[in-house]
Amino acid sequence: MITSVSNKKIKDIQKLKENKNIKKYGKYLIEGKHLVEEAMRASVVDEIVISEDFEEYSLIDTFYGEVTKVANSVMKHLSDTITTQGIIGVCNINKKELDIKKYKKVLILDKVQDPGNLGTIIRTADAFAFDCIILGKGTTSLYGQKVIRSTQGSNFHIDCFDNIDLADLLEKMTDFSVFATSLKADKYIEQLNNITGNVAVIFGNEGAGVSKEILDKVNNLLKISMPGKAESLNVSIAAGIVMHYISSNLK
């Protein structure tokens with residue numbers, strides 16, 4: 001059992017809390033029983049770390065990689081939550097090429113910055129059976145711990161691609177009906193019906209929305225009817241409304 005935070009293995013794991021090291025080593029951290037279970041099903045777990053009082057060994061009895069036990073004080077040092085569940089997974093980033101023609105319902109994010117928003121949007125896309133999520137350049141990292149916690153494992157259910165040039169991608173999406181949200185749109189999403197074929201929907205930055213460069217490439221601009229006094233919606237709430245409506249009306 002490792003009892004010191006100065007241990008080299010612990011220092012190496014701790015490094016994976018920083019985006020620069022996630023990119024450098026191609027690994028990231030997950031925390032908690034549910035996320036570790038989901039990651040094991042997705043076969044991306046490289047190593048598991050458990051605390052000295054962790055008792056739910058049935059959760060990891062099918063895992064054949066390295067399991068490291070650490071003192072509770074070391075687990076608290078590694079943990080990113082106030083109350084730790086005593087288990088952390090070190091996961092591999094599985095790099096894959098984006099072949100947009102493989103997908104039917106695509107979610108595209110343009111410079112979304114808040115990790116909680118990103119994780120919630122991914123979880124919502126999973127709930128409404130989207131099969132691909134694309135993070136454009138400038139969107140917050142897919143592998144930050146707050147993002148991963150907010151997804152609740154949905155990131156393991158959908159093909160996710162990050163750091164994508166959206167302008168270039170849209171040129172290739174000739175077989176898709178592409179929608180984007182904009183307060184300047186002249187059509188409300190409630191006016192849509194009988195959506196057919198492959199569909200993609202774009203959501204933008206919390207403050208600026210979808211960038212002008214991207215909006216100029218999209219013919220279907222939409223906004224949500226808001227009869228109340230609020231001027232705008234949080235991007236994760238707006239995404240949920242739009243994805244539900246599109247899923248419900250897609251033929």
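The values are calculated or read from the model by the stated rules, or taken from the named source; none is laboratory data. Just so we're clear, the structure is a prediction, and the values are computed from it rather than from any experiment. Backbone-built Cβ (ideal geometry, glycine too); neighbour counts: all protein chains shown. Keep in mind that these areas ignore ligands, DNA and RNA; they rest on the heavy atoms of the full protein, side chains included. Shrake-Rupley method; radii C 1.70, N 1.55, O 1.52, S 1.80 Å.
Which sequence of 157, 34 reflects their accessible areas, 1.4 Å probe, from the largest down?
Numbers: 157 100, 34 80 Å².
In descending accessible area the options line up as 157, 34.
Which semi-axis lengths, in whole Å and largest first, follow from the square roots of five times the eigenvalues of the Cα gyration tensor of segment 128-202? Walk me through the numbers before you get to the answer.
Numbers: eigenvalues 121, 49, 39 Å².
The equivalent ellipsoid of segment 128-202 has semi-axes of 25, 16, 14 Å.
What does the charge count around residue 24 come to, taking other residues whose C-beta lies under 10 Å from its C-beta (Lys +1, Arg +1, Asp -1, Glu -1)?
My count for the surroundings of residue 24 gives +3.
Based on alpha-carbon centroids, what's the gap between segment 231-251 and segment 182-220 in Å, whole number please?
Here the two parts' Cα centres lie 11 Å apart.
Please provide three numbers in whole Å: the alpha-carbon extents of segment 1-40 along the principal axes, with the largest listed first.
Result for segment 1-40: principal-axis Cα extents of 30, 27, 12 Å.
Can you tally the net charge around residue 236? Count Lys and Arg as +1, Asp and Glu as -1, for every other residue whose Cβ sits under 11 Å from the Cβ of residue 236.
-1
Write down Rg/Rh for segment 6-143, rounded to two decimals, with Rg from the C-alpha atoms and Rh from the Kirkwood relation over Cα pairs. List each step's numbers first, then the result.
Details: Rg = 16.3 Å, Rh = 16.5 Å.
Rg/Rh: 0.99.
Mind grabbing the accessible area of residue 164 for me, 1.4 Å probe, Å², rounded to tens?
Per-residue accessible area (residue 164): approximately 30 Å².
May I ask for the net charge around residue 159, where only other residues with Cβ less than 10 Å from the Cβ of residue 159 are counted and Lys, Arg are +1 while Asp, Glu are -1? Write down the numbers at each step before the final one.
Values: positive: 96, 102; negative: 99, 131.
Taking every other residue near residue 159 into account, the sum is 0.
Under the rule of -39500 (n - 2.57) per DSSP H run of 4 or more residues, summed and divided by the residues of the chain, what mean residue ellipticity at 222 nm is obtained, to the nearest 500 deg cm²/dmol?
Numbers: 9 runs with 77 residues, N = 251.
The helix-only estimate for the chain comes to -8500 deg cm²/dmol at 222 nm.
Using all C-alpha to C-alpha distances in the chain, build P(r) with 5 Å bins and read off the rounded percent in each one.
Per 5 Å bin, starting at zero, the Cα-Cα P(r) for the chain comes out as 1, 6, 13, 17, 17, 13, 10, 8, 7, 5, 3, 1, 0 percent.
Taking R0 as 35 Å, what's the FRET efficiency between residue 186 and residue 129 from their Cβ-Cβ distance, rounded to 0.05? Intermediate results must be reported in sequence, preceding the final value.
Working: r = 29 Å, r/R0 = 0.82.
Rounded to the nearest 0.05, the efficiency is 0.75.
Based on Cα coordinates alone, diagonalise the gyration tensor for segment 1-72, multiply each eigenvalue by 5, take square roots, and list the semi-axes in whole Å, largest first. Provide the component values of the computation, followed by the final result.
Numbers: eigenvalues 78, 61, 18 Å².
Here the semi-axes work out to 20, 17, 9 Å.
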